[in-house]
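Since the structure comes first, as structure tokens, the remarks are kept for the end.
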Amino acid sequence: MHPLRSPLLTGSLLLAIGLSAQAKPLNLIGPWEIHSLDPSSSSGILFSRLQIAETLVDADNLGTLKPGLASRWQASSDQLSWRFTLRDGARFHDGSAVTAANVVVALERARKKPGMLENAPISAILADGKDVVVVLGKPFAPLPAVFAHSHTQVLAPASYAADGSVTGIIGSGPYRVTRLQLPQRVTVQAFAGWQGRKPAITDASYQAIGRAESRSLMAESGQADIAFGLDPVSIARLKSSPRVSIVSATLPRAIQIKFNAGHKWLNSPAMRLAISQSINRQAIATALLRDPEMAASQLFPPTMQAWHQATLPALAYQPEQARRSFAALGWKPGADGQLVRNGERLALTLRTYPDRPELPLLATALQDQLRQAGIAVQVKVGNSSDIPAAHKDGTLELALYARNYALVPDPLVTLLGDFTDDGADWGVMKWQNAALSQQLAALGRGGLSAPQAAAARLKVAAVLQQQLPVLPVAWYRQSAAVSKALRGVSLDPQERSYRLSSMSWGR
Amino acid sequence: MTPLTSRAWPQRLGYLLLAAVLLFALAGPLLWPDYAGQQLMRFLETPSLAEPLGRDQLGRSVIARLASAARLSLWLAGLCVLSAALLGCLLGVLSAWRGGWTDTVLRGLADGVLALPGLLIVLIFSAMAQGGFLTLYIGLALAQWVEYFRMTRARSRLLLASPHVEASRLLGFGPAHIVRRHLWPELAPMLLTMMSFGLATAILALSTLGFVGVGIQPPTPELGLMMTEALPHYSEAPQLLLAPVAVLALTLAALVLLRPLEVNS
Amino acid sequence: MSTIHLHGLAVYQQQRCLLNPLDLDLHPGEALTVLGESGSGKSLLAHAIIGTLPAGLRAEGELRTDGRRYPLHDAANRRHLWGELLAILPQEPVTALDPTMRVLPQVAEGWRGDGHLARDAARRRLDRLGLQAAEHHYPHQLSGGMAQRVAFAAATLGGARLLLADEPSKGLDSAACDTLRRLLQQHLDSGQCLLTITHDIALARALGGQVLVMQGGEVVEHGPASRILSQPHHPYTLALLAAEPQAWPAIAHPAAGDWLLQGRGLAKAYGSQQLFRDVDIDLAAGERVALLAASGAGKSTLGNMLLGLTAPDHGSVRYRDGLSRTAWQRLYQDPVQAFAPHVPLHTALHDVLKRCGQPWSALEALLHRLKLGPALLQRLPSQVSGGELQRLALIRTLLLRPALLFADEPTSRLDPVTQRDTVHCLLDELARIGCALLLVTHDAALADKATVHRIRL
Amino acid sequence: MDSARQRALARICGQRLLQAAIVSLLVAALCFLLVQQLPGDMAFRIAAGRYGYDYVDAAAADAVRQELGLARPSWQQFAGWLGQLAQLQLGQSLVTGGAVLAEIAHHLGATVQLAAASVALALGVGLPLGLASGLAPGGWADRLTLGYSVLLRALPPFLLGLMLMLGLSVQLGWAPAAGHGEGGNLLLPALTLGLGLSGLTARIVRDSVLAVVQADYYRFARSKGLAPWRVFLRHGLRNIGVTVVAYAGVQLILLIEGVVVVESLFAWPGVGHALVHAIFWRDVPMIQGCTLLLAWLFVLMNTATDLLCLAIDPRGPAES
């Protein structure tokens, strides 16, 4: 190269980088297509994550609630009515003010749809001046957490068509939508009327890219600045890429196997424990998740600080023990190694779904590990709805899925649904435990002192560990590939926000 | 059949490749029978003498999976092509023989199916039951029969209207004789050519379906599925991706080369 | 205009001589016609002159004209003479015309002079040939005769001095043959040279000039047409002339017997084109009838109708009772097309024997009588000569002892000698079993000799 | 235009219309079968599509069932659906609730854009290769083209796409790897499809060049004294065009099939992409809509090639 040209070139490059730091829009990619604008749809959460729409309540990394559109909230003394006071001066992106009446309309619409609000015993939502009042049928301590869920997004009245369908996203967050190209792309820009700190990233767009391999290649080639939903192997590879770094957060999510506890073979805790002992979680986490720490020793991951119990004995791989337990239950290996009892061979069906790409892979690994233990497992990879459907008609035997215990920031809401007496689609099946129900109900009513609550949670975790109505397999670490030019990137363990407003382009 | 040595080199190469793939698909599963056994802690083991292609992400033997996948692809594709050819030929001859309404209806149906690209038919069928061999088979066979139908019908119509068939009829011969002496010898070589091509299409479709995620379900090894699974490992274990790609490419190249090539220099 | 000389013209395949050296002089206005049997190397002659021999063949000798010499072994040195000195009259005019181009530009592109004048020249030429209405037509809209005239116009518009016509009358009916003759005559009259290669003696006679008789790659006789075609010396030429139907001695025909079939008020149309209507026809056992008409008049259709292969639009056919379905047989114009192409003759005939329950000896007797060797049966239909195959086709029908044989131009593709032999065999064998004959032909002389009654459509 | 050509035009349009009608019926029947055969409860699947795997449960499924009237007998649904189809209303997506026609209309533009770019690319590469090998059969260009086409035939489109992504995008950084809406996004998917088609195109062109050059009329034109290049221009190109166009019409099926895979790989928001998603969610009206649209697109392209044939060759396309 010519000696003079080199500094010139460097200079212009620097200039270009400097300029681009001002103007360059941020490219986010993820697997989620935008099929609908309705907050209750699976796409709704995207508008929360992009900080376009707000909910009344927000949450931090640990799920501690903090003000959102409501600046404070207060339960009545009988715990049957909650009052949420709206933030002063909040405005929608179309310039109109956020009023309590608007919020009530949005929440009433949400109540008519299936979703999170069903879990709370709400009898009415009313506007009272600047306050929104929620009337309950019975006490429900985690109610504010429910109003942190994206199903309860507050959209401006102009977002709705006459028939109640959502035609546009007019929220009140720091970013406003500039362009919507369903099902692939949303482009946003910083909202000038936002009351909080002005975001450094002024322009961003989210694009849905269906295949994981395409996403990792886009990150690798620098086409995308942040890529979500990467498979473990790509993450391992991208760690050595010069362009991107990997940012991770452990999620309050567990990959677990649901048992049909009413099944004639699966109805004893001893049997379920023996199956648990046949599973080498360490190997699965190492080989498939590339993350040995993610081998689940109990249901609740350490990131659920309040619920994770360090004192519980860990679930471990004990094939010898398992063999003895099977034998004690009458299951003896036949000539081909498969367990037989009274002429019946131990064969089960495991259902799972491909929406989370690691699940079929994990199912395959589990299938082989259980085969070595003498259990013939047929893996059925189908639609995610096959699991609740099979739960309903009672044909389910085993199901492998990833359960998010932070659908709302307080896991109690999900636990109350999943582990109550009659079972639930994504929780237990034909299993109940009076002690556990009692503890959960007490937590739900609220009013327990902190040590009492902690004791109740320990009891719940202990029962689950002993009875194993669901079998924890692995925990979950969310990772994203992030361009090295970006600063201030962190992942929200609650998966509520991409935190665009706190990022900036580095120098 | 003309002897192998008198054929053009591309064809000879095609036979050689096909024989190699067939040998691998038939003998491979006997030599390396355990395609499902995992040794999780030995994932992505590099190739060794015992495991010539190493182990995959679940610590399974790659060569065993590859052999089994090759056998499955050839077997399923062969079955589809045979069924499609049989159905297409029968309907084609029927249509040409009966003419009239039979012909009109069958031709309309064939035209309709023709406008429905094969992959779409297979996709719709796989949507009905994921991973079922039967649906895949029906879908692939239904997507392919039209070609055979059209060819058989067109040729048979010409042949049935030809003087030699008329002469045979005047001589008092019945349909069996006409099919055996007049139609079959004309149709057979074309059918063979089409079937080799159809086989390639079917194998390709199978692997594509595996890639789209509606084909054969794991852990059954299938070429497209193996590629999809191996894809993330392309940099850490390239042999994982290259092995199924090579088998697929060699099979397809063999089938393409088998076609009598129009090299009339 | 000067004479074109060909000196020492010969064709070799490696060391083997396919065409022995010969000298030719082509004088303006005088036709030169090469007569000979198939495979006598006639077509090689034309290719050697133009420079289009297939790969592997080599020409020797030279072409001399206007004081220039063109050695024939170098095919490329005559390329620039195409259209200017050498022109070719295509054998099959329909396929020689570009299907995607209108007639006028196809003719005009042969023009050698000023480009502006090409279209006018072409138009004038087409007018002269009576094709003024067709100049904007596409080839597929032309009849066979029109296509022939267009091809002639296209080949000759450039004014090439030598026109080469290779088997120009092959497959043409008599009307088209007449047109062809007139065209070639016109060409000669304009003072050009013409080299025609044919086995059609009538055409050679009509063109006059010089005649060259070839047999097995060798010229056996050479001289003016008037002498050679009336007083030939060489035995081959003699045989060729004697084989013309006109020259055949009269044939004794058997007497007709009982009625065989009656067709009444027969009519057939294809689309809007009426082939024939109100045709009455009677055939009696052993009777010999010729069906004469121009091409496209429905001769074959009528024959098929009588055989029951085609249903009439109107009218009906009555057959004498007591005859089996296989009593009605047919011989085809092209015997190759009458046999399943991939089945050896042995198998094909064996199938027939099995079907009619006759012993192998019946076939052997027939083969013997028709002078065919049994070794022939090991071959495929395409590997047997036309005359032999037509006789095998005859044998195949005779095995079924037919009552009527419908022979559709059975000899029109054969050279005269083979034609004569085949027709005589046919008549002898039919007389032996008392079978009637319905012969379709466009050759009036043949009809005269081979049949008793004639029907015109 | 002469009457023969008008008749041919009418025949082509009639035939193709009939074909489109039959394929519509076929797709409708297949989709009906699909509804009948679907394993599991349709309402559950739709709920999974709408609300996501974390939220699909019996309650959500009940709500969907009520809203969409899925409790009706399937034949009633099908009858209503056929009625809609007859009025060219493709119904509403079971997942998003939006009108299928409107949703696909967005995708159609992307698919057409991709298809056009691929065909242009295939011709750009395939024509010169085919001409070069057809004019010198057995020569080096011919052998090269043969190898090229065999290689491309042996590569499944998804693999070719991945290789291009890795090479052009990750290693060289010449083009965006996937996505839509930025400049250059079209390059890789079009290249994947176009290269795949070009191998075949080259062989077709080569064969038809060879056939034309050996044809009687071509040799006759040569013998009229025209220079070789004039013969090629006057008689070669058009006749080669006829066969190439006619055959290309049949091969367009590869394009439609490729579209499905390539769009999914490159996240190109076309009809094929939508189809794969719809199949995943068992969104039957959407499957029907996408399939119909792709089939109609194919019929339309075939009609276009037929008409092009007719424009070049007065005899019109050969009867199918």
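Computed as a quarter of the hull surface, the mean projected area of the alpha carbon convex hull for chain A stands at 27.4 nm². Among A:ASP425, D:ASP207, A:ASP355, A:ASP393, the ranking by other beta carbons within 10 Å of each residue's beta carbon, starting with the fewest, stands as A:ASP393, A:ASP355, D:ASP207, A:ASP425. Our note on the geometry: Cα centres of the range B:26-103 and the range A:395-425, 40 Å apart. Our coupling estimate for the range A:283-296, obtained by passing each phi through the Karplus curve with A = 6.51, B = -1.76, C = 1.60 and θ = phi - 60°, is 5, 4, 5, 6, 7, 9, 9, 6, 7, x, 5, 7, 5, 7 Hz, Gly and Pro reported as x.
Here the range D:227-301 and the range D:124-183 have alpha carbon centers that stand 17 Å from each other. Let me make sure I get this right: for the range C:237-330, a, b and c are the square roots of the gyration tensor eigenvalues over alpha carbons, sorted descending. Under 1.5 in a/c it's rounded, otherwise prolate if a/b > b/c, else oblate. Which is it? It comes out oblate by the Cα gyration axes.
Under the combined filter of DSSP loop state and at most 11 neighbouring Cβ atoms within 10 Å, the range A:235-344 retains these trypsin sites (Lys or Arg not before Pro): A:LYS264. Taken one residue at a time, the phi angles of the range A:108-120 give Karplus couplings (6.51, -1.76, 1.60, θ = phi - 60°) of 5, 4, 4, 5, 6, 9, x, x, 5, 5, 4, 6, 9 Hz. Gly and Pro are set to x. Residues whose amide H lies under 5 Å from that of C:LEU275, counting only those 5 or more places away or on a different chain, are C:LYS268, C:ALA269, C:TYR270; hydrogens are built 1.01 Å from N in the peptide plane. In terms of surrounding Cβ atoms within a 10 Å radius of their Cβ, B:LEU40, D:LEU88, D:LEU101 rank from fewest to most as D:LEU88, D:LEU101, B:LEU40. Placing +1 on the Cβ of each Lys and Arg and -1 on the Cβ of each Asp and Glu in the range C:1-140, which of C:LEU89, C:SER43, C:GLY56 has its Cα farthest towards the positive end of the resulting dipole? It is C:GLY56, whose Cα lies furthest towards the positive end. P(r) tail for chain B: Cα pairs beyond 34 Å make up 30% of the total. Counting only residues at least eight positions apart within a chain, or on another chain, the aspartates and glutamates with an alpha carbon under 15 Å from that of C:LYS299 are C:ASP173, C:ASP278, C:ASP280, C:ASP408, C:GLU409, C:ASP443.
Residues whose amide H lies under 5 Å from that of A:SER81, counting only those 5 or more places away or on a different chain, are A:SER76, A:LEU136; hydrogens are built 1.01 Å from N in the peptide plane. Share of pairwise Cα-Cα distances greater than 54 Å in the protein assembly as shown is 44 percent (whole percent).
Pairs of Cα atoms under 8 Å, at least six residues apart: use those to get the relative contact order of the range C:139-281, whole percent. Worked out over the range C:139-281, it gives 13 percent. Under the shape rule built on the C-alpha gyration tensor, where the axes satisfy a ≥ b ≥ c, the range A:134-280 is oblate, since a/c reaches at least 1.5 while a/b does not exceed b/c. In this structure, the amide hydrogen of A:ALA59, modeled 1.01 Å from its nitrogen in the peptide plane, lies closer than 5 angstrom to those of A:LYS66, counting only residues at least 5 positions away or on a different chain. For chain D, the relative contact order works out to 25 percent when only alpha carbon pairs closer than 8 Å and six or more residues apart are counted.
Past the 22 Å Cα-Cα mark, which pairs from A:LYS239/A:LYS484; A:LYS332/A:LYS430; A:LYS66/A:LYS198; C:LYS42/C:LYS449? In this structure, A:LYS332/A:LYS430; C:LYS42/C:LYS449 lie more than 22 Å apart at Cα. Just how many % of Cα pairs in chain C lie over 36 Å apart, if you round to the nearest whole percent? When all Cα pairs of chain C are counted, 38 percent exceed 36 Å. Spatial offset of the range A:67-101 relative to the range C:387-433 amounts to 108 Å, using the alpha carbon center of each.
As a ratio to 2.2 N^0.38 Å, the alpha-carbon radius of gyration for the range C:290-359 is 1.40. Within the range C:357-393, the trypsin sites (Lys or Arg not before Pro) that combine a DSSP coil assignment with at most 13 other C-beta atoms in a 10 angstrom radius are C:LYS371. Dipole of chain D computed with +1 at Lys/Arg Cβ and -1 at Asp/Glu Cβ about the Cα centre; of D:ALA278, D:LEU26, D:TYR148, farthest Cα towards the positive end is D:TYR148. Exposure proxy check: D:CYS309, C:CYS425, B:CYS80, D:CYS13 ranked by fewest other beta carbons within 10 Å? Taking fewest neighbouring Cβ atoms as first place, the list is D:CYS13, C:CYS425, D:CYS309, B:CYS80.
Its alpha carbons give the range A:261-360 an Rg and a Dmax of 15.9, 48 Å. Please state the shape class of chain D: rounded when a/c is under 1.5, otherwise prolate if a/b exceeds b/c and oblate if not, all from the C-alpha gyration tensor. In terms of gyration-tensor shape, oblate.
Under the criterion of Cα pairs below 8 Å and six or more residues apart, the relative contact order for chain A equals 20 percent. A convex hull fitted around the alpha carbon atoms of the range A:392-466 yields 99 Å³ per residue. For the range A:161-233, applying the loop criterion from DSSP together with a ceiling of 10 other beta carbons within 10 Å to the trypsin sites (Lys or Arg not before Pro) yields A:ARG197. The alpha carbon radius of gyration of the range C:336-386, expressed as a multiple of 2.2 N^0.38 Å, is 1.11. Our coupling estimate for the range D:6-16, obtained by passing each phi through the Karplus curve with A = 6.51, B = -1.76, C = 1.60 and θ = phi - 60°, is 5, 4, 4, 4, 4, 5, 4, 4, x, 4, 5 Hz, Gly and Pro reported as x.
The numbers here are math on the coordinates, done by the rules we state, and not lab data. Everything numeric in this text was worked out from a predicted model, so none of it was measured. Methodologically, a virtual Cβ is constructed for each residue, glycine included, from the backbone with ideal geometry; neighbour enumeration extends over all protein chains shown.
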